Amino acid sequence: MLRTMAIALAALAVVSGTILAILLIWPVPDPDPEQTFDFTRVEAPPEARPHTDYPARDGQRLPLRVYPAATTDVVLVLIHGSAGHGDYLHGMAAELAERDVATVVVPDLRGHGEAPLRRGDIDYVAQLEHDLADLVTWVRERHAGTRVVVGGHSAGGGLALRLAGGEYAEQVDAWLLIAPMLGPDAPTNRDNAGGWVQLRLPRIVALTVLNNFGITALDNLQVVHFNLPERYRSGRETLAYSWRMIQGFGPRDYRDDLTAIDVPLLVVVGEHDEAFVAERYAPVIADYAAHGRVVVMPALQHMDIVSDSLTLELYANWIESLGPVDAAR
């Protein structure tokens, strides 16, 4: 009897291991080259590249752009989206700084940009959140008495939301979520982000099973690929993410993270966003962060939302409406 059970368990282990192995090596699906975003409005000049850095808690110095304003006491930390780097936010950052709305700081997230240690990967799931918290600390050390606003576009908005729901949220005075990625189960999502994302679903299933058993040794494997057309590539893009990167580059749970926000919140999305369904943001925000404001910008798409002049005016007016900095902070 025991021998029979042992043989059955061994056979089950072999079959399960074989299935997991097949799932892990399953190839990435071919993208549709016509189904992606239009990046022409956010092409950046050479001066958009990072020119300084800031220290993270692990001793790494991470790339940073600083756009100083003349007199304002507001600092906007602005986070780029998936596959990219901070260059494409140059126009928005420069405009807000030149108008003296805010000093703007734009990082290249760990695993992204010019020359990351490991492109598309991080050391552990919470590392991007920790890096962002370290950047906010760096800002507060250099700009005492300022109002700190954290904003992010697309997946960067999801990372900002992750920070908003965590232990470091009290360091932030307001949140600006620009076409934010709310998570894989959010009603705002389009399938595969409108063609931008290619998921290796079999590999994701296998890694989910392994992680449920506490096995994390394969969390560096790539599970998401991005459909960036060749004409927009410079060699500094990040075309695939590891399991742990995709787990950490977004909210833990958008419902809990939104509910935790008790300071001003602005959510902006383009009416014709290719990745997300614009009209579904307002009900989500009403349910979990009722004090937040949602604005749908007519006719705009996913990348327009960080470069359109009327939208930049909206951001400027909202930041200026926040009022004087609370002296207690």
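Based on the Kirkwood radius over alpha-carbon pairs, what is the Stokes-Einstein translational diffusion coefficient of region 277-329 at 4 °C with 1.567 mPa s viscosity, in µm²/s?
Details: Rh = 13.1 Å.
Taking Rh from Cα pairs, D becomes 99 µm²/s.
In region 188-329, the convex hull through the Cα atoms has an average projected area of 12.0 nm², a quarter of its surface area. Bridge orientation summary for the chain: considering DSSP beta bridges with both residues in this region, about 40 percent are antiparallel.
Shown in residue order for region 45-58 are the 3J(HN,Hα) couplings computed by the Karplus curve 6.51 cos²θ - 1.76 cosθ + 1.60 at θ = phi - 60°: x, x, 5, 6, 5, x, 10, 8, 7, 9, x, 8, 5, 8 Hz (x for Gly and Pro).
Could you pull out the GluC sites (Glu not before Pro) across region 269-329 that fall in loop regions by DSSP (anything but H, G, I, E, B) with no more than 14 other Cβ atoms inside 10 Å?
Working: sites: 271, 274, 279, 313, 320; in loops: 271, 274.
Of the GluC sites (Glu not before Pro), the ones in loops of region 269-329 whose Cβ has at most 14 other Cβ atoms within 10 Å are 271.
Only helices enter the 222 nm calculation for the chain: every DSSP H run of n ≥ 4 contributes -39,500 (n - 2.57), and dividing by all residues gives -9500 deg cm²/dmol, rounded to 500. I need the Debye-formula profile for region 252-301: one equal scatterer per C-alpha, no solvent, reported as log10 I(q)/I(0) at q = 0.16, 0.18, 0.19, 0.24 1/Å, two decimals. Results for region 252-301 at q = 0.16, 0.18, 0.19, 0.24 Å⁻¹ read -0.45, -0.56, -0.61, -0.88. Per residue, the Cα convex hull of region 29-320 amounts to 124 Å³.
Net charge within 12 Å of residue 72 by Cβ-Cβ distance, Lys/Arg positive one each and Asp/Glu negative one each, not counting residue 72 itself?
On the way: positive: 99, 147; negative: 73, 98, 100, 320.
Computed value for this residue: -2.
In this structure, the amide hydrogen of residue 151, modeled 1.01 Å from its nitrogen in the peptide plane, lies closer than 5 angstrom to those of 77, 78, 79, 176, counting only residues at least 5 positions away or on a different chain.
The alpha carbon convex hull volume per residue for region 80-211 rounds to 142 Å³.
Close amide H partners of residue 189, meaning residues 5 or more places away or on another chain with modelled amide H under 5 Å apart, are 277.
Taking the Cβ of residue 295 as the centre, find all other residues whose Cβ is under 13 Å away and add up their charges (Lys, Arg: +1; Asp, Glu: -1).
Values: positive: 293; negative: 271, 273, 279, 308, 313.
Cβ neighbours under 13 Å give a net charge of -4.
Residues with beta-carbon under 12 Å from that of residue 50, excluding residue 50: net charge, scoring Lys, Arg +1 and Asp, Glu -1? For residues surrounding residue 50, the net value is -1. Amide H contacts of residue 294: 267, each under 5 Å away and 5 or more positions distant or on a separate chain (H built 1.01 Å from N in the peptide plane; Pro and chain starts excluded).
A short reminder: the numbers here are calculations on the coordinates, not readings from a lab. None of these values were measured; they are calculated from a predicted model. Virtual Cβ from ideal backbone geometry, glycine too; neighbours counted across all protein chains shown.
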